[in-house]
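Novice: The structure is given below, and queries will be raised subsequently.
The values are calculated or read from the model by the stated rules, or taken from the named source; none is laboratory data. Quick caveat, the model's predicted, so the values are computed rather than measured. Using ideal geometry, Cβ is built from the backbone for each residue, glycine included, and neighbour counts are taken over all protein chains shown. For the accessible areas, the whole protein counts, side chains as well, though only heavy atoms, and no ligand, DNA or RNA atoms are used. Shrake-Rupley method; radii C 1.70, N 1.55, O 1.52, S 1.80 Å.
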Amino acid sequence: MNMKLINIALLLGIALMGASVARAQEADVKPIDEVIVRVNAGVIMRSAFESSQREWLEELKSKYSGEELEKKFNELKPRILDDLINSQLLAQRAKDLSINVDAQVSQQILRLMKENNCDSDKCLEQKMREAGYDIDEFKRILGENFSREAVLGQEVYGKIFRALTEKEKREFYEKNKQFYAEPGEITLSNIFIA
């Protein structure tokens, strides 16, 4: 009977020691990434937020330096998360509206291929990698931008335009004729019959 109690005590001691080691290891583990904001069904991760901050900081570094850079960045900092949330909401709305921008993304990729003298997407992918860009990330960003513009056009600008009366449209046109004027142009063609 004593032997059984000693075995049970040993097993219990080993189990408790293993649990305390596991707890100590858990305390040392830092999360790779964490959710900082939930936006309906989507999330914004800390890595995306920090990446956006770095991008804005690099953008500002090209224009400002020293105290002015720090001042501008501190002014911009609160808006970075707001912009990420707005982007997430617009992307979710695009899904709700079943907006598909794959054709526009493909057109942009084809345009880039032509500009870079590439005959395949593998060639473009290689050139982008050499320039420090990931083509899949580039396509994702293009898709988000086109989706955002489509939602704004359909849900915001379209409604505003439809709400304008003909009189308001005419007044705007009369005030802004210079934006709608195109220089005169002549096209000549010649048919030669031998």
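Novice: For residues that are among the aliphatic types (A, V, I, L, M) and part of a loop (DSSP other than H, G, I, E, B), tally how many sit in the stretch 156-173.
Specialist: Qualifying residue count for the region: 1.
Novice: Would you check if R162 is of a type outside the set (S, T, N, Q), within 22 Å of A94 (Cα to Cα) and in contact with a Leu (Cβ under 8 Å, 6 or more places away or on another chain)?
Specialist: Against the criterion (of a type outside the set (S, T, N, Q), within 22 Å of A94 (Cα to Cα) and in contact with a Leu (Cβ under 8 Å, 6 or more places away or on another chain)), R162 does not qualify.
Novice: Give the number of residues within the stretch 36-57 that are open to solvent by 60 Å² or more (accessible area, probe 1.4 Å) and under 26 Å from D96 (Cα atoms).
Specialist: Looking only at that region, the number is 4.
Novice: Is it the case that K159 is over 30 Å from N86 (Cα atoms) and either among the basic types (K, R) or touching a residue at least 40 places away in the same chain (Cβ under 8 Å) (or both)?
Specialist: Here the answer is no, as K159 does not meet what is asked.
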